[in-house]
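See below for the structure under consideration.
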Amino acid sequence: MANNTTAVNLKDNIYGAFELKRLYPRNYFIGVMVAILLHLLLIGTYYFVQMLNKEDDEGLNAPTVSMKYSDMAPPPSIVQEVAPQVSTAATTAPTVGVPVPVEDSKAAPDQTLASQTEMSKAIPPTQAVSDAGNVKVVQDIKIEESKQDDNPDPTTFVAVEQEPKPIQQVKPVYPEIAQRAGLTGSVYLRVLVNKEGKPLKTQVIKADNEIFVQPAQEAAMKTLFSPAIQNGKAITCWVNIPYKFSLNK
């Protein structure tokens, strides 16, 4: 009888498949929630660390202002400066300008003062006295004007008020061989124009094709210009003239 009772008690305490199936949903839910919390914690820690590093980088990359020691203001003095005391001692009255009587025997002989007419004659020829008595300086020294270079260097800058301009411009002759070959291009010349507005010589700045250089130079040497003006006078000056050779008319 005792053996039967013990067997029944052991059978009631056995942990079997039914209990596992009953506890499985709860344990699964608890495991999933714990896993989600762990992942959220790891992700939050990662972004928190990144945010701290970004703030540190911004602090390191902040612009710095550097100043020289010589530009800084001097430090305040630690020694108390004492204002200088002004002496208020009594001073003697000045004697300058005070007439002092002398004896007649020591007085200078009478002198005749020059008149305005005599004084005006004694003034140097570069000055003259007006009716009001004011001195008016008249310059009678002749200043020789500097001569303008008739052959200036093309690379030297010459300041002019008005550059030379073509008055009667001659059109260059289009080379026949270039027309047949269908060649086009441009030539840029530097022309030296004298005081009369006549071209003296030319210099090639740039040419797309050498076949157009000679016609452009010949046209430039036959062109009449207005001379360059500086200080109201005509001067010799270089001027840039472009020539374009195109078949389109």
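The values are calculated or read from the model by the stated rules, or taken from the named source; none is laboratory data. This structure is a prediction, so every number in the text was calculated from the model and none was measured. Neighbour counts are summed over all protein chains in view; Cβ atoms, including those assigned to glycine, are modelled from backbone coordinates with ideal geometry.
Checking the structure you have, find out if any residue of segment 222-233 is surrounded by 14 or more Cβ atoms within 10 Å (Cβ to Cβ), under 26 Å from Q179 (Cβ atoms) and without any contact (Cβ under 8 Å) to a residue 60 or more places away in the chain.
To start, the set of residues in segment 222-233 that are surrounded by 14 or more Cβ atoms within 10 Å (Cβ to Cβ) comprises 223-230.
With under 26 Å from Q179 (Cβ atoms) added as a condition, the list becomes 223.
Filter once more, so that each one left must be without any contact (Cβ under 8 Å) to a residue 60 or more places away in the chain: 223.
Scanning segment 222-233 turns up at least one residue that is surrounded by 14 or more Cβ atoms within 10 Å (Cβ to Cβ), under 26 Å from Q179 (Cβ atoms) and without any contact (Cβ under 8 Å) to a residue 60 or more places away in the chain.
The set of residues in segment 192-244 that are touching a Phe, Trp or Tyr at 6+ places or on another chain (Cβ under 6 Å) and either in a loop (DSSP other than H, G, I, E, B) or among the acidic types (D, E) (or both) contains only G197.
Could you please give the count of residues in segment 21-77 that are assigned to a helix (DSSP H, G or I) and modelled with pLDDT under 75? Talk me through it step by step, then tell me what you get.
Step one: of segment 21-77, the residues assigned to a helix (DSSP H, G or I) are 21-60, 69-71.
Checking the rest, the ones that are also modelled with pLDDT under 75 come to 55-60, 69-71.
Counting residues in segment 21-77 that are assigned to a helix (DSSP H, G or I) and modelled with pLDDT under 75 gives 9.
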